[in-house]
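Derivation of every value follows stated rules applied to the coordinates shown; laboratory data play no part. The model shown is predicted, which means the values in this text are computed figures rather than measured ones. Here the Cβ is made from the backbone with ideal geometry for all residues, glycine too, and neighbour counts use every protein chain on show.
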Amino acid sequence: MLRRLILLAGIGLVFGTAGCAIRPAGPRGPAADEIEEACTIDLESERLPILEQIAYRRDLSQNDQLYLVNAVCHGGFGGKQSAALVALIENPVCTEKTREHISARLRFVMYSTERRAVVKALAAVDENPEDSEQ
């Protein structure tokens, strides 16, 4: 069994892991198909701009938001991931649960300018909670 897991992990590293973002349990939101489709794109330079555009949508459900965070953070963290997360955080439909999920994901990210931008956006929402709908 352990050999099978190691083999599967190796295959994921060789062929890319873009399609492996975890979709939360529960109902699929209106953007789930688009997020899923974007996750199939192996090139980060093509995938992340699509995910960032989805982050601006005003019809994102709670599950869409959590799925989007997982998709954005899957495979690394840099400037494009930061831009997508800040767009989601600043979106009025972004929920407290989503912001908590983002904070939890940031615990695994080393300090950087990109990480600081996301933390700053989270802090701005905390300072002005009336600006967010949720």
What about Lys97, is it farther than 23 Å from Arg47 by Cα and among the basic types (Lys, Arg)?
yes
Determine, yes or no, whether Val93 is over 11 Å from the mean Cα position of the chain (by Cα), of a type in the set (Val, Ile, Thr) and under 21 Å from Ala38 (Cβ atoms).
yes
List the pairs whose first member sits in segment 76-101 and is in contact (Cβ under 8 Å) with a residue 24 or more places away in the chain, whose second member is hydroxyl-bearing (Ser, Thr, Tyr) and surrounded by 20 or more Cβ atoms within 10 Å (Cβ to Cβ), and whose Cβ atoms are under 9 Å apart, counting only residues at least 6 apart or on separate chains?
Leu88/Thr98; Ile89/Thr98
Please go through segment 92-112 and give me each residue that is crowded, with 20+ Cβ neighbours inside 10 Å and either farther than 19 Å from Leu48 by Cβ or out of contact with any Ser or Thr (no Cβ under 8 Å at 6 or more places or on another chain) (or both), ordered by number.
Thr98, Arg99, Ile102
So how many residues does segment 16-68 have that are surrounded by 16 or more Cβ atoms within 10 Å (Cβ to Cβ), in a helix (DSSP H, G or I) and either polar (S, T, N, Q) or more than 11 Å from the chain's Cα centre (by Cα) (or both)?
11
Evaluate the following for Pro27: is it in contact (Cβ under 8 Å) with a residue 24 or more places away in the chain and more than 24 Å from Lys120 (Cβ to Cβ)?
yes
